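A quick write-up on the structure given underneath.
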Amino acid sequence: MKRRQFIQQSTAATALVGLGGLGLQSFSATAKKITILHTNDVHSHIDPFGPDDGRNANKGGVARRATLVDSIRKENPNTLLLDAGDIFQGTPYFNYYGGELEFKLMSMLKYDLATIGNHDFDNGIDGLYAQLPHADFEFVSANYDFSNTVMDTHVKPYKIFVKDGIKIGIFGLGIQLEGLVDKNMYKETVYNSPIEIAQDMSRILKEEQSCDLVICLSHIGYNYKKYPDRVSDLNLARATKDIDLIIGGHTHTFLPKPTIEKNSAGKNVLVNQVGAYGLYLGKIDFYFEPGKDVKADGASIIV
């Protein structure tokens, strides 16, 4: 399969904002379609916003997301549902249940994988660990070393999925916790450089594991205009060469369509983030056709 080169294309649906350009009719019947759905920074928002909640009125809610995800899975069973962290903190549900409800509902939605955000330590690392039995999905984080904590062996650096013969490698990255989270909350968790770890992880997944698609679940932030050199998703895309899609979190950045960034080898990387609070669901379709470059079609769907 040729090195993937993403081509922008349109999606015709009132709730979708397409990437614009090439139409779906260009794909042959032999093309394999992999759908990636994603959320980030849901922050314990279980219920939809009320009718008086300004610009977010009557939006969001886990039940609506579940209906949407179910309809997309029926359309394409080769679908993965991912979360880029900060599952916890933001409503009384977290204050009362400590994350149990969030994990149980995500399990009911059949999330495939998630990474860990800084607010997921808000009940301490012991509080996070205590809720793991309620999660029927796994967590990945390649740059957090949990060796000397209760989370040791419970978080993997990456996970590989195979859908319709397409091998998909996904690794996770977290933001620096020092100065952001009280040391007593994350204890002996060691933070390693996201850029260096990502270069290594993506090489392993692409070259050693022969993945057709490499995805980074990131909770390091989309971009920092005042601090352009700070580690961010855009800087990560530019500094690596084997990542195809970065699903971001932390900065609550709403992107109506994925950003297309050039990597260190001059190839296209998709970078996406869908704001916060479960208001939107990210949807990116990848099309694999023998002998042709991989194409991608991205959209943000309002919930």
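The values are calculated or read from the model by the stated rules, or taken from the named source; none is laboratory data. Computed from a prediction, not measured in an experiment: that's the story for all the values here. Here the Cβ positions follow ideal geometry from the backbone for every residue, glycine too, while neighbour counts run over all protein chains shown.
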Selection from the range 48-74 of residues loosely packed, with under 14 Cβ neighbours inside 10 Å and in a loop (DSSP other than H, G, I, E, B) yields Gly50, Pro51, Asp52, Asp53, Ala57, Asn58
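Given Leu234, Leu281, Leu270, which one is of a type outside the set (Ser, Thr, Tyr), in a helix (DSSP H, G or I) and touching a Ser or Thr at 6+ places or on another chain (Cβ under 8 Å)? Break it down into steps so the answer makes sense when it comes.
Numbers: Leu281 fails: in a helix (DSSP H, G or I); Leu270 fails: in a helix (DSSP H, G or I).
Only one candidate passes the filter, namely Leu234.
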Here the residues within the range 250-267 that are in a loop (DSSP other than H, G, I, E, B) and either closer than 17 Å to Ser193 by Cα or not small (Gly, Ala, Ser) (or both) are His250, Thr251, His252, Thr253, Leu255, Pro256, Lys257, Pro258, Asn263, Lys267
The number of residues in the range 278-289 that are within 14 Å of the chain's Cα centre (by Cα) and not charged (D, E, K, R) is 5
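Using the structure shown, decide if Ile166 is touching an Asp or Glu at 6+ places or on another chain (Cβ under 6 Å) and either in contact (Cβ under 8 Å) with a residue 40 or more places away in the chain or of a type in the set (S, T, N, Q) (or both).
On the way: touching an Asp or Glu at 6+ places or on another chain (Cβ under 6 Å): yes; either in contact (Cβ under 8 Å) with a residue 40 or more places away in the chain or of a type in the set (S, T, N, Q) (or both): yes.
Taking the combined requirement at face value, the residue satisfies it.
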Being modelled with pLDDT under 95 and under 30 Å from Glu289 (Cα atoms) narrows Thr30, Thr39 down to just Thr30
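In the range 161-184, how many are closer than 26 Å to Phe121 by Cα and aliphatic (A, V, I, L, M)? Walk me through it before giving the result.
Within the range 161-184, the first condition is being closer than 26 Å to Phe121 by Cα, and the residues that meet it are 169-184.
Checking which are aliphatic (A, V, I, L, M) leaves us with 170, 173, 175, 177, 180-181.
Residues meeting the conditions: 6.
Please enumerate the residues belonging to the range 74-128 that are charged (D, E, K, R) and over 25 Å from Val162 (Cβ atoms).
First, the residues of the range 74-128 that are charged (D, E, K, R): 74-75, 83, 86, 100, 102, 104, 110, 112, 120, 122, 126.
Within the range 74-128, Asp86, Glu100, Glu102, Lys104, Asp120, Asp122, Asp126 meet the criteria.
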Checked the range 96-145 for anything buried (at least 17 other Cβ atoms within 10 Å of the Cβ), acidic (Asp, Glu), in a loop (DSSP other than H, G, I, E, B) and within 18 Å of the chain's Cα centre (by Cα); matches are Asp112
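Quick one: is Tyr287 in a loop (DSSP other than H, G, I, E, B), farther than 24 Å from Asp200 by Cβ and of a type in the set (Ser, Thr, Tyr)?
Numbers: in a loop (DSSP other than H, G, I, E, B): no; farther than 24 Å from Asp200 by Cβ: yes; of a type in the set (Ser, Thr, Tyr): yes.
The answer is no for Tyr287.
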Only unsatisfied item for Leu245, checking (1) more than 15 Å from the chain's Cα centre (by Cα); (2) touching a residue at least 24 places away in the same chain (Cβ under 8 Å), is (1)
If we ask which residues in the range 195-223 are under 23 Å from Leu81 (Cα atoms) and either buried (at least 22 other Cβ atoms within 10 Å of the Cβ) or not hydrophobic (A, V, I, L, M, F, W, C) (or both), their number turns out to be 19
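Just one of Asp242, Asp297 is assigned to a strand (DSSP E or B), out of contact with any His (no Cβ under 7 Å at 6 or more places or on another chain), of a type outside the set (Phe, Trp, Tyr) and surrounded by 18 or more Cβ atoms within 10 Å (Cβ to Cβ); which is it? Step through it out loud before you land on a result.
Details: Asp242 fails: assigned to a strand (DSSP E or B).
Residue meeting the stated conditions: Asp297.
Being part of a loop (DSSP other than H, G, I, E, B), without any contact (Cβ under 8 Å) to a residue 40 or more places away in the chain and of a type outside the set (Gly, Ala, Ser) is the filter here; which residues of the range 177-214 pass it?
Initially, the range 177-214 is screened for residues part of a loop (DSSP other than H, G, I, E, B), giving 177-182, 187-189, 192-193, 209-212.
Restricting the remaining residues to those that are without any contact (Cβ under 8 Å) to a residue 40 or more places away in the chain gives 178-179, 182.
Result: Glu178, Asp182.
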